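The values are calculated or read from the model by the stated rules, or taken from the named source; none is laboratory data. Quantities reported herein were computed from a predicted structural model and do not represent experimental measurements. Don't worry about glycine lacking a Cβ; one is built from the backbone with ideal geometry, like all the others, and counts go over all protein chains shown. With ligands, DNA and RNA removed, areas are computed over all heavy atoms of the protein, side chains included. Shrake-Rupley method; radii C 1.70, N 1.55, O 1.52, S 1.80 Å.
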Amino acid sequence: MQNFVFHNPTKILFGRDTVAKIGPETAALGQKALLVYGRDSLKKSGIYKQICDSLSTAGVSVVEHSGVQSNPMLEHVRAGISKAREHDIDIIVAAGGGSVIDSAKAIAAGSVVAHDVWKFFNGKKSIKAALPIVTVLTLAAAGSEMNSGMVITNEKTRQKFGFGHRLLHPVTSILDPEVTFTVPPDYTAYGAIDAVAHVLEFYMTSRDTDTPVQCRLMEGLIQNSMEACERCLLDPQDYGGRANLMWTATLALNGLTGAGLGRVGFPMHMIEHSLSALYNVPHGAGLSVIIPGWLTWFCQQEEARVAQLGENIFPVEGYQRLTTSAMAERTITIFRNWFSKIESPVSLGELEIPPSDIPGIAQNALTLARFWRLNEYSQQTIEEILHLCK
Ligand code: NZQ
Ligand code: ZN
């Protein structure tokens, strides 16, 4: 176990009928809110009215900034920053999934500086202040509701960059599983895959082999994500399934899994962000294409780690003894088959991305690799991994 500091300042209100608490939670922090949300799901589900009623009862005035799209765009963030400045906003309320919450974080940081917000993303400026953020989570996936990260696409440079700062932690996040009853099957699956990927990134890239407490925590989160996802696909209104998936996805990227692991990386995300930036692929769908290919490439150096995961979460029936290689390969096959079973793509071909695009995708990912100090990933290595995802 390596030294670590674990400090997560986000307060979580979890469970039924918690949405009505958004008003008092916001009023405790500010009086003039920018309400950031997506397109039509919030109004269609009735959550929009619940949030607005609660904010107005609490005496909070509201300016709206709707229209956040999946894989959120920089221009839309800039428009939100202008609105926040124009209306002298003192708190940001985000009601949505990772795209909405990430946009809200970028607006919260961008509206208190004179320079362009993208300078935070390309490392030219660092964050020194941000407006407070409160969230109502509507989709179990990204974990943004309880972490310091945000990911935005610069549509002009076609770069999708992410980074974290402690000031971007939401002050309070409201997680009501009933709010996710309306999430369609595809985004239910993509969200579960994202949670699995968040855990796999740390599980596979940690160099410390003596962290059983962390490994068992991560193994359990992967099992929960897969199991709860299947419950929700079977019955979208299965409260227990939605509750377990929601809390699993939040725990999968709130700092807890990485504690004690030492330096870890996010290589599968580094590559996936290029698929989202260049082809607007839903994040979880891009990950289900990248994960099997990256694991296969990773087995060339560390197949024991992949085998260990498979042995612990996909136990072999009977007493067959598999070799490490066979166990590692079986683990990857189980993940690939599960992604297909929940109707998420498992090849670039299924995304209709031709192999001739691979050099361009690798080049786009390389910038983020440098930014995230994933120096072992060259253009050639990323192309090699992408060829395993064809
Ligand atoms: O736009 P609306 O109509 O609201 O529809 C949304 C959106 O189209 C819909 N949706 C959300 N809640 C719903 C619902 N539909 C019905 N009922 C509900 N309750 O779902 C669609 C996808 O929403 P989105 O927010 O894009 O999905 P997700 O939560 O997976 O977020 C993906 C974004 O998170 C980023 C990804 O890069 C991507 O941009 N990530 C953020 C991270 C972070 N901040 O730590 C880490 C992650 O690895 C990830 O990179
Ligand atoms: Zn992710």
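Summary table
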| quantity | calculated |
| --- | --- |
| Long-range amide H partners of Phe163 with built H, under 5 Å | Met150 |
| Percentage of interatomic Cα-Cα distances in segment 67-184 larger than 24 Å | 19 percent |
| Relative contact order %, the chain, counting alpha carbon pairs below 8 Å whose residues are six or more apart | 16 percent |
| Fraction of antiparallel bridges per DSSP, the chain only, in percent to nearest 5 | 20 percent |
| Rounded D (µm²/s) - segment 329-381, Kirkwood Rh over Cα pairs, Stokes-Einstein at 4 °C, 1.567 mPa s | 99 µm²/s |
| Helix 267-279 vs. the chain, principal-axis angle (Cα, 0 to 90°, nearest 10) | 60 degrees |
| Paramagnetic reach from Asp40 in segment 69-100 [backbone N under 17 Å; point 7 Å along Cα→Cβ] | 69-70 |
| Net charge dipole size for segment 79-184 [Lys, Arg +1 and Asp, Glu -1 on Cβ; Debye, nearest 20] | 640 debye |
| Rounded accessible area of Val213 (nearest 10 Å², 1.4 Å probe) | 90 Å² |
| Residues of type aspartates and glutamates that Lys125 reaches as a straight line, Cα spacing below 19 Å, ignoring anything fewer than 8 places off in the same chain | Glu75, Asp102, Asp116 |
| Which of Phe335, Trp118, Ser99, positive extreme of dipole for the chain (C-beta unit charges) | Trp118 |
| Candidate residues Leu42, Leu217: accessible-area rank, largest first, probe 1.4 Å | Leu217, Leu42 |
| Residue-wise HN-Hα coupling along segment 143-159, computed from phi with Karplus coefficients 6.51, -1.76, 1.60 (Hz; x: Gly, Pro) | x, 4, 5, 9, 9, 9, x, 8, 10, 10, 9, 8, 5, 6, 8, 6, 10 |
| Rounded to 5, the percent of DSSP beta bridges in segment 107-206 classed as antiparallel | 60 percent |
| Calculated P(r) of the chain - Cα pairs past 32 Å, % | 31 percent |
| Dipole moment magnitude, nearest 20 debye, segment 20-96 about Cα centre, only Lys, Arg, Asp, Glu C-beta charged | 180 debye |
| Nonlocal amide H pairs with Leu348, under 5 Å, H built at 1.01 Å | Lys390 |
| Angle between the chain longest axis and helix 358-371 axis [Cα atoms, degrees, rounded to 10] | 60 degrees |
| Cβ crowding within 10 Å averaged over residues, with 269-281, 68-80 ranked highest first | 269-281, 68-80 |
| Spatial separation of Cα centroids for segment 87-119 and segment 190-214, in angstrom | 29 Å |
| Phi to ³J(HN,Hα) by Karplus 6.51 cos²θ - 1.76 cosθ + 1.60 over segment 327-334, Hz, x for Gly, Pro | 5, 5, 5, 4, 4, 5, 4, 5 |
| Rounded FRET efficiency, nearest 0.05, which uses the C-beta distance separating Lys128 from Gln320 and R0 of 51 Å | 0.30 |
| Karplus 3J(HN,Hα) series, Hz, for segment 301-312 with 6.51 cos²θ - 1.76 cosθ + 1.60 (x for Gly, Pro) | 10, 10, 5, 4, 5, 5, 5, 4, 4, x, 4, 7 |
| Cα-Cα over 19 Å, subset of Lys21/Lys105; Lys43/Lys341; Lys11/Lys105; Lys83/Lys105; Lys83/Lys160; Lys44/Lys105 | Lys21/Lys105; Lys43/Lys341; Lys83/Lys160; Lys44/Lys105 |
| Tilt relative to the chain, helix 74-86 - C-alpha long axis, 0 to 90 degrees, to 10 | 20 degrees |
| Cβ charges +1 (Lys, Arg) and -1 (Asp, Glu), total dipole of the chain, debye | 1080 debye |
